[in-house]
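See below for the structure under consideration.
Read the figures in this text as sums done on the coordinates, not as results from a lab. The shown structure was predicted, so the numbers you read here are calculated from the model rather than taken from an experiment. A quick note on method: Cβ atoms are made from the backbone with ideal geometry, for glycine too, and the neighbour counts reach across all protein chains shown.
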Amino acid sequence: MAKKDIKSISYEELSDWIQKNNYKKFRADQIFSWLHEKNVVSFGQMKNVSKQIIQQLNTEFYINNIKIQKKLVSSIDDTVKYLCMLEDGECIESVVMEYAFGKTICISSQVGCKMGCSFCASGKAGYIRNLTTSEMLDQLYISQRDLNCSIGNIVLMGIGEPLDNYDNFIKFVKNVSDPKGRNLGLRHITVSTCGLVDKIDRLANENIPINLSISLHAPNDMIRKSIMPIAKKWSIDQLLSACRRYIEKTNRRITFEYACIDSVNVLDKHAIELAGRLKGMLCHVNLIPVNSISEESFKETENIQLNRFFDILKNKRIPVTIRRTLGQDINASCGQLRGNYLDV
């Protein structure tokens, strides 16, 4: 019988296993806490669990552990970027950033990405596979151990499309927010999607009101289709309708990420069109100076045009910010470190 990845099962599944084997119910609480609160790397570290249970755990389960392959620390703002090696030899990235409200980790959800957005480095090496629930959790746990700190906010904005790995992503959210484990508040979790409309609707009905961030990057279908293949499947009107349904269900404000690409999507008319589409929606626009990547000729928008775009949205009463760039000296944008590693 193949062993199961114990950090990829829910508390309910663990509790069922405990009762099935005629152990007392509180043992599930102990084991779950050791895994998700204390972040042990072996069953033998569970000091208050009986030897009999530990022996059976070792027989039926394993504790997955990813390893830090490379660590970069920014000399500018203390941003920390990790290249982590998975047990099958594949690698992923995560980034820990420092804000006034505390530390935030940006984690990956897949090895590579299928979505093919032309301005993003994440999918340039192709899609390999989905991450398991435990591999997503371990990006948080290994960073906390390495930095000897508690990280209070998670954004799923690293390599991969989280909603394309839907079941593992949902289990990740439930495990990391479970009161018997890490107990991270749902309002401290943000998921970013390039716009999988069916999965946005499915997420709205999960009763887990996490923050939703949409990679929009264009005010209309013509521009969006030229830079984001997903736009050929779902129109911008379909996407924004799903966003409105999500807001109605969860009462959570949506963030629209907008990568500002010189000569592509940052003219005054684009700002006016975007403001018209978002008028009256509970939302916020986050303008992102695009990072140049070697495979494309996209250029970062000059500050004067970026500021004009910002001012137009603000004057149209659309809440807007310009993303603070962190970790510039360590290639902190997703996909860059993995891409450099694979080129070696």
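Brief remarks follow.
- Peptides 316-324, 223-231, 10-18 ranked from most to least packed by the mean count of surrounding Cβ atoms within 10 Å: 223-231, 10-18, 316-324.
- Crossing angle, helix 236-250 versus the chain [Cα axis fit, 0-90 degrees, rounded to tens]: 50
- Reachable aspartates and glutamates, given that their alpha-carbon falls under 19 Å from the alpha-carbon of Lys316 and they are not under 8 places away in the same chain: Glu257, Asp268, Glu273
- Taking the Cα centre of region 67-343 as origin and assigning +1 to Lys and Arg Cβ atoms and -1 to Asp and Glu Cβ atoms, the resulting dipole is close to 880 debye.
- Here the dipole of region 4-62 is about 280 debye; that uses its Cα centre as origin and unit charges on the Cβ of Lys and Arg (positive) and Asp and Glu (negative).
- Only aspartates and glutamates eight or more places from Lys124 in sequence, or on another chain, were considered; those with a Cα closer than 12 Å are Glu295, Glu296, Asp343.
- Residue-wise HN-Hα couplings along region 186-199, as the Karplus relation 6.51 cos²θ - 1.76 cosθ + 1.60 with θ = phi - 60° gives them from phi, are 4, 6, 9, 10, 10, 10, 10, 9, 7, x, 7, 4, 4, 6 Hz; Gly and Pro carry x.
- Residue order, fewest to most beta carbons within 10 Å, for Phe119, Phe256, Phe101: Phe101, Phe119, Phe256
- Relative to the longest principal axis of the Cα atoms of the chain, the long axis of helix 133-147 makes an angle of roughly 90 degrees.
- Point-charge dipole on Cβ atoms (K/R +1, D/E -1) for region 64-141, about Cα centre, debye to 20: 180
- Signed unit charges on C-beta, dipole axis of region 4-62, positive-most listed residue Tyr62, Ile9, Ser50: Ser50
- Relative contact order computed over the chain (Cα-Cα under 8 Å; 6+ residues apart), in percent: 16
- 0 to 90° range, to nearest 10: angle between helix 303-315 axis and the chain longest Cα axis: 90
- Set of lysines near Lys4 by C-alpha distance (under 17 Å), chain-local residues within fewer than 8 positions excluded: Lys20, Lys171
- Projecting the Cα atoms of Trp234, Val264, Ile254 onto the charge dipole of the chain (Cβ charges, centred on the Cα centre) puts Ile254 farthest toward the positive pole.
- Pairs beyond 20 Å (Cα-Cα), from Lys232/Lys279; Lys7/Lys174; Lys7/Lys114; Lys81/Lys103; Lys25/Lys51; Lys7/Lys38: Lys232/Lys279; Lys7/Lys114
- Cα Rg, Dmax (largest Cα-Cα span) when computed across the chain, Å: 21.1, 69
- Among 59-66, 210-217, the peptide with the highest mean count of other Cβ atoms within 10 Å heads the list, and the full ranking is 210-217, 59-66.
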